[in-house]
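A short write-up of the structure that comes next.
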Amino acid sequence: MVKNRPKEGVVAKRLNHREYKDNFCDLHPPLSWQEALNETSNCLFCFEAPCQTACPTNIDIAMFIRQISTNNTLGAAKTIFDRNIFGAMCARVCPVEILCEQACVRLEAVGRAVKIGALQRFACDIAIEENVQFYKREKDSGKKVAIIGAGPAGLSCAHRLALFGHQVEIFEAKNKPGGLNEYGIAAYKTTDNFAQKEIDYILSIGNISINYNQILGRDFTLTKLKENYDAIFLAIGLSRTNNLHIEGEEAQGVVDAIDFIADLRQANDFSEIPIGKDVVVIGGGMSAIDAAIQAKLLGAQNVTICYRRGAEKMGASEYEQNLALSKGVIIKHYYAPRKIKTKNGKVVEVEFDIVTEKNGELIKTGEKISLKADQIFKAIGQKLNTENLSGIKLKSGRILVDEEMRTSEKMIFAGGDCIFGGEDLTVTAAANGRDAAIAINKQLNAGGNNG
Amino acid sequence: MANLRSEFIGIKSPNPFWLASAPPTDKAYNVERAFRAGWGGVVWKTLGEDGPPIVNVNGPRYGAIFTSERKLIGMNNIELITDRPLQLNLQEIKQVKKNWPDRAVVVSLMVPCEEEAWKAILPLVEETGADGIELNFGCPHGMSERGMGSAVGQVPEYIEMVTRWCKANSRLPVIVKLTPNITDIRYPARAAKRGGADAVSLINTINSITSVDIDNFAPEPTIDGKGTHGGYCGPAVKPIALNMVAEIARDEQTKYLPISAIGGIATWRDALEFMLLGAGNVQVCTAAMTYGFKIVEEMITGLENWMDKKGFKNIDEFISKAIGNVTDWQLLNLNYVTKARINQDLCISCGRCFIACEDSSHQAIMKEKNNKRHFEIIESECVGCNLCVNVCPIENCIEMVPLKAGMIDERTGEKISDKYANWTTHPNNPASG
Ligand SMILES: Cc1cc2nc3c(=O)[nH]c(=O)nc-3n(C[C@H](O)[C@H](O)[C@H](O)COP(=O)(O)OP(=O)(O)OC[C@H]3O[C@@H](n4cnc5c(N)ncnc54)[C@H](O)[C@@H]3O)c2cc1C
Ligand SMILES: Cc1cc2nc3c(=O)[nH]c(=O)nc-3n(C[C@H](O)[C@H](O)[C@H](O)COP(=O)(O)O)c2cc1C
Ligand code: SF4
């Protein structure tokens, strides 16, 4: 079959339905029972297992793998959820190659880590599928906690607080829960509306209500919440994006990568999403990789990630970079965007300075290069909207917290992407939410109130 | 070049690897395939007396235990002796022996414990041209309830009596196959010898229940809701068989009695271990049932390569070579002191040795050094028990190093003696001089 020449410009329906379906299926298909069982035999049940220490939520990995191996899969799921109620999503999205699996002693022994992520997914999915609920709320404490943001940090905190018997009320800007689980994570990592299924499972604990379309600053204030709640947890992620500050940035076809990804995640039909023929992604983090891969999967012919520093500086792990390369994405290093050229208000080309790096500083070599582009995704980082935080202490533009996730205000806690020192990972958000809940509970039980 | 040729109680075969009496040797079709694959001999599936054929269950007859990779490590069965007509088996044995004159064909027999029954069947077997007979005193299920198999094998006097009948009524060499379902294997072996047996073979299968169906509350394999004990075999039984072979090989009364070893043999190394403990040849069942006849190729080349490496030309040069080193506990040298040593270059820091020694042995392994995960032996605590070696997932990572004479054992503070001293002369032994 002769393929038609790809259409110029940003257009939908570049592929046929089958191709969309194949392209956006599960990146790592779930393990069958036999595959899981075989994989468990690789686990050595290490003493104080290094993988557990490497997991930001400290899941007892050796134990849950042993439980799977004895056909006690629900026991395994509970072991995981005890530490991380988002265990199922984390199993799909965690960069395990730099977390638990990187610490697996089998890497040293035989050059291959136990597939911890895949096994974790195996156990969690069964519990969620069968809707087995492991937890019962403690008796009503009479305390009320407000949470702002229904992403993994907010929901993980909410679940743990509800468990402790507190009443939880969430204020969420969007009309759906999940945060980046729902709007950000690559479609091929969480298929079949899994983000919502998982949240339904988590919310089954009860005593958690979510108020949608409620934006801090627009619809309510921290001052008001402080009057009505015993504690507050801020989990608002990073809602603002950075700009390139170069000529042509306003042109049609220049889009924030995370907006593109959010649209993609909300689409019922991937064929309806328009995509360019020549796509340039500017940035070097996870969002850049995800935008590039998904552009390619939507049928873009040429997708080039342009990053202004070297490979080792990329926020995306080596594994993610290789994944992009394997999908046909081109990665260019030391390309600093200079200007965007337009025609009739639309992008046609982007020009870069070729730079080098000396002691962290970028130095222009004088060389320039242009790439043809009909669509440009900006993936140069998100930042915290610091308005309306009523004087809470910040550091480097993010909220400063102590080791109990407490902000400079005693009754206000924060976690997830919005805090200083965060790792911008789903799993850290889940860990922060859990730890904040534990600290809040401790404080509420101690009778603490407005500090 | 190594030569695997074997002569066991006068029966010649191109190698010492025989198939044990079991489904792989049930009919000409299988046996021919086995010979084509390279097996040196077979013990034909046990024949019973003439009459209506044996009836087997029609539901599952095998059960098994597995590793988590579903590697079969132990199997049991509730199969009986051959369920094919006697005449058919005899015809096929005759034809196969004619087609394969260089291979050993031994016929396994089990008939009621009456001399007439043996007298009736022995000439029929002789007539086939078979090289020998094996008396099945082993089957632990089905036949034993009928006064045969292990019901005979568990009573030394019966073994002696039946063996004597066979020797008296046949010119064929007689191998007596022993059941392990007894407390001391030397008694049935001695009885076989007294009866005039040319050799013993062992082990037959071990009474067992491999698992229980936890939904239907019944042992497996389950037949219409019920199960029964079956005979256990495969890799899991090898250590038991090795010991029984060694016990017979070093017993004063039976030490010159030839042994055909059976039980969990799957590789050249398994076979070799049995031969080093005194077996003249070996028989295989479960491994062939698990992987097919082709495994014999690995056994042949593996043993040849080992022999070449060691400079052995014939198998007789190494048979029994380890038996002199099998001794009794009270004769072990108590002045031999070893300490575990972890090779830090090989260590992957799984910590398995630490937790084993910590929870079950002598708290002789440290888990950190300079605040870093690090596993090292504390010699002043190590009793040299070997547990850490056994739980370590990396081969040769932990070694047991003997202390040289003159060195101080940091645990006891005593100087290592170069003298041999055992329990019989130990001061703590009330019975010692
Ligand atoms: C494109 C992309 C891909 C990613 N891929 C991965 C991955 O593969 N693996 C991984 O581990 N991590 C990944 N991450 C990072 C991960 O998604 C985040 O670290 C994680 O979602 C942070 O959780 P959070 O709860 O802190 O914030 P978010 O998930 O951002 O949730 C914040 C919530 O707060 C709401 N909110 C924001 N402002 C307000 C306001 N003013 N009022 C009320 N509500 C508000 C938002 O609507 C949202 O629901 C990715 C991120 C992006 C952007
Ligand atoms: C299914 C099955 C049937 C057997 N039938 C007989 C038999 O008829 N006669 C006999 O002497 N031994 C029989 N055996 C025992 C084997 O010959 C052998 O002694 C035993 O399986 C141990 O060897 P292995 O570990 O190599 O299997 C049988 C074993 C199995 C598994
Ligand atoms: S040999 Fe035994 S006592 Fe010594 S370190 Fe190993 S496990 Fe501990």
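The values are calculated or read from the model by the stated rules, or taken from the named source; none is laboratory data. All values derive from a computational prediction rather than experimental measurement. Heads up, the Cβs are rebuilt from the backbone with ideal geometry, glycines too, and the neighbour counts pull from every protein chain shown.
What the table shows:
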{"item": "Any chance A:Ala109 is out of contact with any Lys or Arg (no Cβ under 8 Å at 6 or more places or on another chain) and modelled with pLDDT of 95 or more", "result": "no"}
{"item": "Among (1) out of contact with any helix residue (DSSP H, G or I) (no Cβ under 7 Å at 6 or more places or on another chain); (2) touching a residue at least 12 places away in the same chain (Cβ under 8 Å); (3) small (Gly, Ala, Ser), the one test that A:Ser326 misses", "result": "(2)"}
{"item": "Top-ranked residue of region B:65-105 - restricted to ones that are under 28 Å from the mean Cα position of the chain (by Cα) and polar (S, T, N, Q), ranked as nearest to the other protein chains (Cβ to nearest Cβ)", "result": "B:Ser68"}
{"item": "Positions within region B:351-385 being surrounded by 15 or more Cβ atoms within 10 Å (Cβ to Cβ), more than 10 Å from chain A (Cβ to nearest Cβ) and in a loop (DSSP other than H, G, I, E, B), in sequence order", "result": "B:Ser361, B:His362, B:Ala364, B:Ile378, B:Glu379, B:Glu381, B:Cys382, B:Val383, B:Gly384, B:Cys385"}
{"item": "The listed residue being modelled with pLDDT of 95 or more and either more than 26 Å from B:Gly153 (Cα to Cα) or of a type outside the set (A, V, I, L, M) (or both), out of B:Asp83, B:Asp50, B:Asp102", "result": "B:Asp102"}
{"item": "Given (1) within 13 Å of ligand 3 (Cβ to nearest atom); (2) facing chain A (nearest Cβ under 9 Å); (3) out of contact with any strand residue (DSSP E or B) (no Cβ under 8 Å at 6 or more places or on another chain); (4) outside any helix (DSSP H, G or I), index of the condition B:Ile348 fails", "result": "(1)"}
{"item": "Long-range neighbours under 7 Å by Cβ, at least six apart or interchain, first residue within 8 Å of ligand 3 (Cβ to nearest atom) within region B:374-393, second part of a helix (DSSP H, G or I) and of a type in the set (Ser, Thr, Tyr)", "result": "B:Leu387/B:Ser360"}
{"item": "Unmet requirement for B:Asn343, which otherwise passes all of (1) farther than 30 Å from A:Cys43 by Cα; (2) surrounded by fewer than 14 Cβ atoms within 10 Å (Cβ to Cβ)", "result": "(1)"}
{"item": "Members of region A:65-86 that are more than 14 Å from chain B (Cβ to nearest Cβ) and closer than 22 Å to B:Arg70 by Cβ", "result": "A:Leu74, A:Gly75"}
{"item": "Any hit, region B:135-142, residues being modelled with pLDDT of 95 or more and not polar (S, T, N, Q)", "result": "yes"}
{"item": "So A:Cys43, is it within 14 Å of chain B (Cβ to nearest Cβ), assigned to a loop (DSSP other than H, G, I, E, B) and either in contact (Cβ under 8 Å) with a residue 24 or more places away in the chain or of a type in the set (A, V, I, L, M, F, W, C) (or both)", "result": "yes"}
{"item": "Conditions (1) more than 14 Å from chain B (Cβ to nearest Cβ); (2) in contact (Cβ under 8 Å) with a residue 12 or more places away in the chain; (3) surrounded by fewer than 22 Cβ atoms within 10 Å (Cβ to Cβ): number failed by A:Ile147", "result": "(3)"}
{"item": "Options B:Ser201, B:Ser211: the member that is among the polar types (S, T, N, Q), in contact (Cβ under 8 Å) with a residue 12 or more places away in the chain, out of contact with any His (no Cβ under 6 Å at 6 or more places or on another chain) and closer than 24 Å to B:Arg164 by Cα", "result": "B:Ser201"}
{"item": "Hits in region B:16-40 (condition: within 18 Å of the chain's Cα centre (by Cα) and polar (S, T, N, Q))", "result": "B:Ser21"}
{"item": "Helices (runs of 4 or more DSSP H) lying entirely in region A:100-176 (those with 3 or more residues that are of a type outside the set (A, V, I, L, M))", "result": "A:100-103, A:116-129, A:152-163"}
{"item": "Answer residue from region A:51-61, given it is more than 10 Å from chain B (Cβ to nearest Cβ) and in a helix (DSSP H, G or I) and is surrounded by the fewest Cβ atoms within 10 Å (Cβ to Cβ) among those", "result": "A:Ala54"}
{"item": "Any hit, region A:214-222, residues being of a type outside the set (Asp, Glu), free of Cβ contacts under 8 Å to residues at least 24 places away in the same chain and not in a helix (DSSP H, G or I)", "result": "yes"}
{"item": "Residue ID - nearest to A:Cys43 (Cα to Cα), chosen from residues in region A:87-109 that are within 14 Å of chain B (Cβ to nearest Cβ) and among the aliphatic types (A, V, I, L, M)", "result": "A:Val105"}
{"item": "Sole residue being of a type in the set (Ser, Thr, Tyr) and under 20 Å from A:Glu351 (Cβ atoms), chosen from A:Thr241, A:Thr304", "result": "A:Thr304"}
{"item": "Failed item, numbered, when A:Val255 is tested on (1) surrounded by fewer than 24 Cβ atoms within 10 Å (Cβ to Cβ); (2) part of a helix (DSSP H, G or I); (3) among the β-branched types (Val, Ile, Thr)", "result": "(2)"}
{"item": "Matching residues in region B:284-335 - criterion: being among the polar types (S, T, N, Q), within 25 Å of B:Ile73 (Cβ to Cβ) and outside any helix (DSSP H, G or I)", "result": "none"}
{"item": "Test result for A:Glu48, in a loop (DSSP other than H, G, I, E, B), surrounded by fewer than 18 Cβ atoms within 10 Å (Cβ to Cβ), of a type in the set (Asp, Glu) and within 14 Å of chain B (Cβ to nearest Cβ)", "result": "yes"}
{"item": "Residue check for B:Leu303: within 19 Å of the chain's Cα centre (by Cα) and within 18 Å of B:Asn243 (Cβ to Cβ)", "result": "no"}
{"item": "Residue that is nearest to the chain's Cα centre (by Cα), among those in region A:223-252 that are in a strand (DSSP E or B) and surrounded by 19 or more Cβ atoms within 10 Å (Cβ to Cβ)", "result": "A:Leu234"}
{"item": "Tabulated pairs, region A:276-293, first among the hydroxyl-bearing types (Ser, Thr, Tyr), second assigned to a helix (DSSP H, G or I) and near ligand 1 (Cβ under 8 Å from one of its atoms), C-beta under 6 angstrom, 6+ apart or interchain", "result": "A:Ser287/A:Ala257; A:Ser287/A:Ile258"}
{"item": "Residue tally, condition surrounded by fewer than 20 Cβ atoms within 10 Å (Cβ to Cβ) and under 12 Å from B:Lys45 (Cβ atoms), over region B:89-99", "result": "1"}
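For (1) in a strand (DSSP E or B); (2) in contact (Cβ under 8 Å) with a residue 60 or more places away in the chain, each residue gets a yes or a no:
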position	(1), (2)
A:Glu349	yes, no
A:Ile363	yes, no
A:Ser370	yes, no
A:Ser390	no, yes
A:Lys410	no, no
A:Ala431	no, yes
A:Ile440	no, yes
A:Gln443	no, yes
A:Gly447	no, no
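Residue by residue, here is whether (1) more than 9 Å from ligand 2 (Cβ to nearest atom); (2) assigned to a strand (DSSP E or B) holds:
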| residue | (1), (2) |
| --- | --- |
| B:Gly196 | yes, no |
| B:Asn216 | yes, no |
| B:Leu242 | yes, no |
| B:Ser260 | yes, yes |
| B:Gly264 | no, no |
